[in-house]
Amino acid sequence: MDLEKLLTDRLAPAFATVAGEPVDPVVRRSQRADFQSDAALALARRIGRPPRAVATEVLEHAELADLCSAAEVSGPGFLNLTVADEALAGLVSALAADPRLGVPEAAAPETVVVDYSAPNVAKEMHVGHLRSTVIGDAAARLLEWLGHRVLRANHLGDWGTPFGMLIEHLADLGEAEAAQELSMGDLDSFYKAARAKFDADEAFRERSRLWVVALQGGDPATLRLWRLLVEQSERYFLTVYDLLDVTLTQQDFQGESSYNDLLGPVVEELDRLGLLRESDGAACVFPPGSMGRDGEPLPLIVRKSDGGYGYPATDLAAIRHRTGTLGATRLLYVVGLPQRRHFEMVYAAAAQAGWLAPPARAEHVGFGSILGPDGRMLRSRAGGSVKLVGLLEEAVARATALARERNPELDEAEAAEVGRAVGIGAIKYADLSSDRHKDYVLDWERMLSLDGNTAPYLQYAYSRIRSIFRRAGVAARPEAGVLLAEPAERALAVELVGFGAVVGAVAENLEFHHLTGYLSRLAAAFSAFYERCPVLRADEPVRESRLVLCDLTARVLGQGLHLLGIRTPERL
């Protein structure tokens, strides 16, 4: 059902005949025809022949008669391909009858670990956690739908020296008062109060250090207080995930503390493999290719000079556990781009140790920052980090007001439901529709617009299609088949059959702006179709065919938005 693949499969043997070796036809969408291949230009340079002559010979060998109504050489040697209406209609009909919309399950399912979100215990989630959570959840949803075994890993910051300070503050307040304060979700105030005491009071600092020793030593009473901090924080995180409508659950929390017992064996194995070297009293691995600006090798410190363990040790223990115990072959780390060097070194060290050997591989799914209207890092009016809950609640409030304004007939419950779906959808879509490698500006007016490449535009297109069926009082019959008589019908059909290719590519590169771009083009094609091709007023069999096109468009939009974690209200 994937037109690009079908055309590629037809052209590849022809290119191989001309070249004497395999050649990728590089088929892509074109404004001059349905599809275009420019592989003849590169091949011509390689074999020393005129590109138009190469392209012409490729067409002579290609078997395209049953698939293309036109196949011609254009310009310096492009192959322009126009799909035959009958072939296109057949592909769309098959797509309409397919519950998976032309997207097959993975031929070789893998165990995939998606490491994302990763807030810190006793600290509120802020806007800096948004991209990791949204991108990571979309990756987990997509790979799961493709049939992979997906393990979500929410790597909580729940260990280390700050917990001595936090436990001492908890003890100061008393467990009951501390639990009440934490249960209100104001984690930042709790942390800041502890920090203020730590900075101002030497006796408090000394007691905090003693708590750290007791915590690391496994003292039961200290661990109980530590668990209180962790449990209250986890409850708060889960309320945020519920509001953001992501799939992370209690079972996905994997704190740094969970790797404590593995850190010693990791260092011992690295030492046994001859990979450890001492540097200023610390035990380090020097991964190949990791050089500083001065040209000197960069160390990855796995055990500090004081005997403590840092992030590299925990990350190495996680890789060793995920590949060795869990059997994962694809590890995704959805973490900001500033951490790129760290993960490159960790992956290289894990590969040296044999913990990250093919087919297992690790990928840093990096992303840029969210900026304010001034083009700088998004900050609160007070200059601090923007709390994530506040951002999400503002999105819902703005969207709910717009829903009431646009459709006064909605009752309070309906307006609230639409406001949440549109507001949260707008936040997620703005993030996912941006190239994740780049920064983007959070712009409320653009995000909530019903025009352009936005979630509300796609949600509106979906709800408009569903309103057609409510008015008609009928359901589409995919078995009726599809007729393509009008240019707008044909343009919509070409977009529909491209869904599988886009999903397949995004599953590999995890660049979700390609999926959002596809969905936006599909919605625009549907809008043009809807304006130019009457559906309910058309005569049979055209009416039934157009109902199939409408239903298929809604299904593709709905599935695509679901993979992004965005709801599709039936009424908007």
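The figures follow:
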{"quantity": "FRET E, pair GLU72, ARG29, Förster distance 22 Å, beta-carbon r, rounded to 0.05", "calculated": "0.85"}
{"quantity": "With eigenvalues of the C-alpha gyration tensor scaled by 5 and rooted, region 1-134, Å", "calculated": "40, 21, 15"}
{"quantity": "3J(HN,Hα) from dihedral phi, region 312-317, Karplus parametrisation 6.51/-1.76/1.60, rounded to Hz, x for glycine, proline", "calculated": "x, 5, 5, 5, 5, 4"}
{"quantity": "Estimated distance in nm for a label pair at ARG471 and GLN250, the labels positioned 7 Å out from Cα along Cα-to-Cβ", "calculated": "4.8 nm"}
{"quantity": "Zone of ALA108's modelled label, taken as backbone nitrogen in region 502-521 under 16 Å from a point 7 Å along Cα→Cβ", "calculated": "508"}
{"quantity": "Cross-link pairs beyond the 25 Å C-alpha cut-off, checked among LYS192/LYS438; LYS5/LYS428; LYS197/LYS387; LYS387/LYS428; LYS192/LYS387; LYS387/LYS438", "calculated": "LYS192/LYS438; LYS5/LYS428"}
{"quantity": "More than 24 Å apart - percent of Cα-Cα pairs taken over region 265-375", "calculated": "28 percent"}
{"quantity": "In region 473-538, trypsin sites (Lys or Arg not before Pro) in a DSSP loop with at most 11 other beta-carbon atoms within 10 Å", "calculated": "ARG537"}
{"quantity": "Dimensionless Rg ratio for region 106-186, taking C-alpha atoms and the 2.2 N^0.38 Å reference", "calculated": "1.51"}
{"quantity": "Karplus-derived 3J(HN,Hα), 6.51/-1.76/1.60, for each residue of region 471-484, Hz, glycine and proline x", "calculated": "5, 6, x, 9, 10, 5, 10, x, 5, 6, x, 10, 10, 10"}
{"quantity": "Virtual paramagnetic centre 7 Å along Cα→Cβ of ARG195, amide N under 19 Å, in region 119-145", "calculated": "119-130"}
{"quantity": "Alpha-carbon centroids, region 125-178 and region 1-75: separation in whole Å", "calculated": "50 Å"}
{"quantity": "Centroid-to-centroid separation of region 195-245 and region 429-496 [C-alpha atoms, Å]", "calculated": "47 Å"}
{"quantity": "Straight-distance crosslink candidates among aspartates and glutamates, where the alpha carbon sits under 17 Å from LYS123 and sequence neighbours closer than 8 are dropped", "calculated": "ASP158, GLU168, GLU181, ASP186, ASP188, GLU231, GLU234, GLU256"}
{"quantity": "Selection of GluC sites (Glu not before Pro), region 53-96, meeting DSSP coil and at most 13 other Cβ within 10 Å", "calculated": "GLU63"}
{"quantity": "Computed label-point distance, nm, for sites ALA221 and GLU269 using a 7 Å Cα→Cβ extension", "calculated": "3.7 nm"}
{"quantity": "Contour minus Cα-Cα distance for ASN260 and SER279 (0.36 nm per residue)", "calculated": "4.5 nm"}
{"quantity": "Inter-site label distance for ASP294 and ALA42 at 7 Å from Cα along Cβ, in nm", "calculated": "4.3 nm"}
{"quantity": "Portion, in percent, of the accessible area of region 204-348 that falls on carbon or sulfur, probe 1.4 Å", "calculated": "49 percent"}
{"quantity": "Cα-based Rg of region 140-201 normalised by 2.2 N^0.38 Å, two decimals", "calculated": "1.68"}
{"quantity": "Modelled label reach - GLU508, point 7 Å along Cα→Cβ, region 88-124 residues with backbone N closer than 20 Å", "calculated": "102-113"}
{"quantity": "Protein-only accessible surface order, largest first, of LYS428, LYS197 at 1.4 Å", "calculated": "LYS197, LYS428"}
{"quantity": "Where THR400, THR161 fall by accessible area, highest first, once all protein chains stay in place (1.4 Å)", "calculated": "THR161, THR400"}
{"quantity": "Alpha-carbon spread of region 208-292, three principal axes, descending order, Å", "calculated": "46, 35, 23"}
{"quantity": "3J(HN,Hα) from dihedral phi, region 74-84, Karplus parametrisation 6.51/-1.76/1.60, rounded to Hz, x for glycine, proline", "calculated": "10, x, x, x, 6, 9, 9, 10, 10, 6, 5"}
{"quantity": "R0 of 45 Å, Cβ-Cβ distance GLU144-GLU60: FRET efficiency to nearest 0.05", "calculated": "0.50"}
{"quantity": "Options (i) 76, 52, 50; (ii) 63, 58, 49; (iii) 84, 67, 42 - which one matches Cα extents along the principal axes in Å as calculated here", "calculated": "(iii)"}
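The values are calculated or read from the model by the stated rules, or taken from the named source; none is laboratory data. For clarity, every value in this text was computed on a predicted model and none was experimentally measured. Because the Cβ atoms are built from the backbone with ideal geometry, glycine has one as well, and the counts that use them run over all protein chains shown. These accessible areas exclude ligands, DNA and RNA; they are computed on the full protein's heavy atoms, side chains included. Shrake-Rupley method; radii C 1.70, N 1.55, O 1.52, S 1.80 Å.
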